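Before any comments, here is the structure.
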Amino acid sequence: MITCTDGQTIRGKIGDIVDAGEEAEDYGYEEDSITVYSGGKVVTIPQSEIKSIETL
């Protein structure tokens, strides 16, 4: 479960973790992020919006 800085919680399966420093040149990422598959949706959350991560 990921809790965002705005209080929203997202539960789902982690699909991808992006390290912007390593992948910025190839893909243009500006910030680290986590992609979560939740309720049939793909949600990408930038690091600056993540308050906490809890494994369930």
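For this structure, a couple of remarks:
- Extending 7 Å from the Cα toward the beta-carbon at both residue 5 and residue 20 defines two label points whose distance is 1.1 nm.
- Carbon + sulfur, % of accessible area of the chain - ligands and nucleic acids excluded, 1.4 Å: 44
- Each Cα pair under 8 Å and six or more residues apart adds its sequence gap; the mean of these over the residue count of the chain is a relative contact order of 40 percent.
- Cα→Cβ-extended label distance, 7 Å offset, between residue 31 and residue 50, nm: 1.2
- Matching label, Cα Rg over 2.2 N^0.38 Å computed from the structure shown, candidates [x] 2.13; [y] 1.03; [z] 1.13: [z]
- Across the stretch 4-18, computed HN-Hα scalar couplings (Karplus, 6.51 cos²θ - 1.76 cosθ + 1.60, θ = phi - 60°) run 8, 5, 8, x, 5, 10, 10, 10, x, 9, 5, x, 7, 10, 10 Hz from first to last residue, x flagging Gly and Pro.
- The HN-Hα couplings worked out from phi for the stretch 37-51 by the Karplus form 6.51 cos²θ - 1.76 cosθ + 1.60 (θ = phi - 60°) are 9, 9, x, x, 10, 9, 10, 9, 10, x, 3, 5, 9, 9, 8 Hz, whole numbers, x standing for Gly and Pro.
- Net +/- balance of residues flanking residue 37 in space, Cβ distance below 12 Å, scoring K and R +1, D and E -1: +2
- Amide hydrogen proximity for residue 15: with H placed 1.01 Å from N in the peptide plane, the residues at 5 or more positions away or on another chain lying under 5 Å are 35, 36, 37.
- The chain, dipole about Cα centre (Lys/Arg Cβ +1, Asp/Glu Cβ -1), debye to the nearest 20: 580
- In the assembled protein chains, residue 51 presents an accessible area of approximately 150 Å² (probe radius 1.4 Å).
The values are calculated or read from the model by the stated rules, or taken from the named source; none is laboratory data. These figures come from a predicted structure and were not determined experimentally. Please note: Cβ atoms are built from the backbone with ideal geometry, for glycine as well, and neighbour counts cover all protein chains shown. These area figures cover heavy atoms from the full protein model, side chains too; ligands, DNA and RNA do not enter into them. Shrake-Rupley method; radii C 1.70, N 1.55, O 1.52, S 1.80 Å.
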